[in-house]
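See below for the structure under consideration.
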Amino acid sequence: MGKDLNGKELGRGITQRKDGRYMGRIHIRGSKKEVTLYDRNLKMLKNKVNTYRALAGTSQWDISMTVTEWFEQWMEIYNVPVLKATTIRNYWDGFKRIQPLIGDRRVIDIKSNNILSALYVLKENGYAPATIKQTFTILKVMFSMAYRVRAVLYNPCEGMRAPTERTHQEIIEREESQNLEKDVQRFLDVCRHTRYYELFYILSRTGLRIGEACALEWKDVDLERKCIYIDKTVNKVKKYYDSKGRKMESSKMVAQITSPKKQASYRIVPISDETVNAFAAWKTKQLADKQRWGRKWGIKNELLKDFPDLIFTTSPGKTYLPGYATQECKRISDCINRREKQMALSENRESGFIHIHPHLFRYFYVTKCVEKGMNPVMIEKITGHAEIRMTQHYTRLSDEFILRQHEVH
């Protein structure tokens with residue numbers, strides 16, 4: 001029996017230090033390790049000790065395990081064997097944001113307020129609401145598994161909500177809805193004579209995700225039936241594990257083409273005569289590239305081994321990745337905005353800047369389909385949305401359109 005500073009017995013494994021703190025030691029069965037707990041409140045310390053002893057008797061995991069150690073085990077055992085590299089990358093990136101705040105703490109010590117405090121630190125550091133929510137979701141799933149294997153007595157994330165705010169996003173969506181059609185048309189007009197004009201035009205007329213468009217092969221496009229078959233996507237992902245599921249010493253970025261994440265993404269997308277012409281114009285560009293580079297065309301593109309018929313490639317034959325499209329959108333948008341700023345100054349008016357990104361063309365396509373009166377179920381099937389509510393989320397009706405419809409009806 002341990003004793004306090006006055007000689008009073010405190011219970012098995014509990015003593016009082018000279019600084020006044022109570023200390024409890026728990027021996028882990030089948031191990032030489034020992035867990036040491038501290039608290040200035042004797043009752044709180046006894047509760048901790050009882051909790052640890054309960055878990056030590058039922059858990060197959062080391063109860064002295066830190067959050068980082070559990071995350072790595074959780075990834076290697078439950079995630080790496082079954083998840084795509086993109087999802088694994090997202091899990092790692094999401095955890096690394098919060099790792100400096102809770103990673104060194106023992107799993108069993110984590111309480112709801114620890115999670116919430118860490119998330120608020122991310123918010124104060126300027127992380128977007130969606131980013132914070134992603135990190136919270138990862139923690140929730142991770143601790144759920146910890147509870148299932150009796151590494152903790154409860155999931156500290158249960159009953160919590162991530163500290164996110166939607167007001168800023170709602171403002172952005174409001175601005176996009178009023179200028180969407182005009183901004184997309186301005187962008188397409190300016191980039192008409194740039195190399196990747198056909199890609200952006202096709203995005204605006206099909207609603208394809210940029211990863212789906214960049215993964216297209218010529219066999220996926222039926223110009224006679226006027227349709228596109230979607231069954232894969234391309235992205236650049238940071239890999240943390242090798243092909244055998246072993247953690248690598250250092251991560252590396254690789255381009256990959258995989259199947260879509262959701263079943264609804266497998267679909268047929270109808271295309272117009274104008275879109276058929278855009279594909280034909282691009283094919284002429286690609287053939288010119290192949291003639292110019294000869295045998296050197298595509299020699300450094302490893303994806304061509306499994307996908308030799310890729311449509312959207314760079315001049316020397318590399319896969320045109322979604323990140324390249326994002327950079328090109330920004331480059332062209334910046335040119336438009338610089339010109340707009342000069343014109344606004346000369347005309348003594350406010351500037352009307354645009355903010356174009358590849359995914360915005362998908363919003364544009366869905367909105368135009370809704371404005372033309374297309375059946376919502378049809379839009380859902382064409383765009384690959386899993387639910388109709390996602391179609392509603394992508395719709396950006398302008399005030400002008402709403403007023404015109406009100407007059408008609």
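The values are calculated or read from the model by the stated rules, or taken from the named source; none is laboratory data. Bear in mind that the values here come from a model prediction, so they are computed numbers and not experimental data. Here the Cβ positions follow ideal geometry from the backbone for every residue, glycine too, while neighbour counts run over all protein chains shown. The protein model used for the area step is the full one, side chains on, heavy atoms only, and it has no ligands, DNA or RNA in it. Shrake-Rupley method; radii C 1.70, N 1.55, O 1.52, S 1.80 Å.
General observations
- Amide proton proximity set for D39, modelled H, under 5 Å, gap of 5+: Y22
- Residue pairs exceeding 22 angstrom between C-alpha atoms, taken from K330/K372; K182/K381; K182/K330; K182/K285; K261/K318; K182/K232: K330/K372; K182/K381; K182/K285; K261/K318; K182/K232.
- Solvent exposure of segment 83-236 as accessible area per residue, Å², 1.4 Å probe: 49 Å²
- The simple Förster model, with R0 at 51 Å and r as the Cβ-Cβ distance, assigns S144 and Q327 a FRET efficiency of 0.85.
- Whichever lysines have a C-alpha closer than 19 Å to that of K48, once near sequence neighbours (fewer than 8 apart) are set aside: K3, K33, K111
- Here segment 332-371 is treated with +1 on each Lys and Arg Cβ and -1 on each Asp and Glu Cβ, and its dipole about the Cα centre works out to around 100 debye.
- Rounded to 10°, Cα long-axis angle of helix 42-58 versus longest principal axis of the chain: 70 degrees
- Distant-in-sequence amide contacts of Y240, defined by a placed amide H-H separation under 5 Å and a gap of 5 or more residues or a different chain, comprise nothing.
- Gain in span if fully extended, C335 to K43, counting 0.36 nm per residue against the direct Cα distance: 98.5 nm
- Taking other residues whose beta carbon is less than 15 angstrom from the beta carbon of R40, and scoring Lys, Arg as +1 and Asp, Glu as -1, yields +3.
- Selection from L345, G2, I299, by position along the positive dipole direction of the chain (Cβ): G2
- Helix 399-408 and the longest principal axis of the Cα set of the chain meet at an angle near 60°.
- Candidate values [x] 1.15; [y] 1.31; [z] 0.91 were compared with Cα Rg over 2.2 N^0.38 Å computed on the shown model; the agreeing label is [y].
- Sorted on the mean count of surrounding Cβ atoms within 10 Å across their residues, most packed first, peptides 286-294, 377-385 read 377-385, 286-294.
- Cα long-axis angle, helix 197-206 against the chain (0 to 90 degrees, to the nearest 10): 70 degrees
- Net charge, F136 excluded, C-beta distance under 13 Å - Lys, Arg +1, Asp, Glu -1: +4
- Coordinate range of the alpha-carbon atoms in segment 259-391 per principal axis, descending: 55, 43, 28 Å.
- Two-decimal log10 I(q)/I(0) for segment 292-331, as the Debye equation yields it once each C-alpha is a single scatterer, q = 0.28 Å⁻¹: -0.95
- Rounded, prolate or oblate (a/c below 1.5 giving rounded, otherwise prolate when a/b exceeds b/c) for segment 317-367 by Cα gyration tensor: oblate
- Amide H contacts under 5 Å for G11: G2, restricted to partners 5 or more places along the chain or on a different chain, H placed in the peptide plane at 1.01 Å from N.
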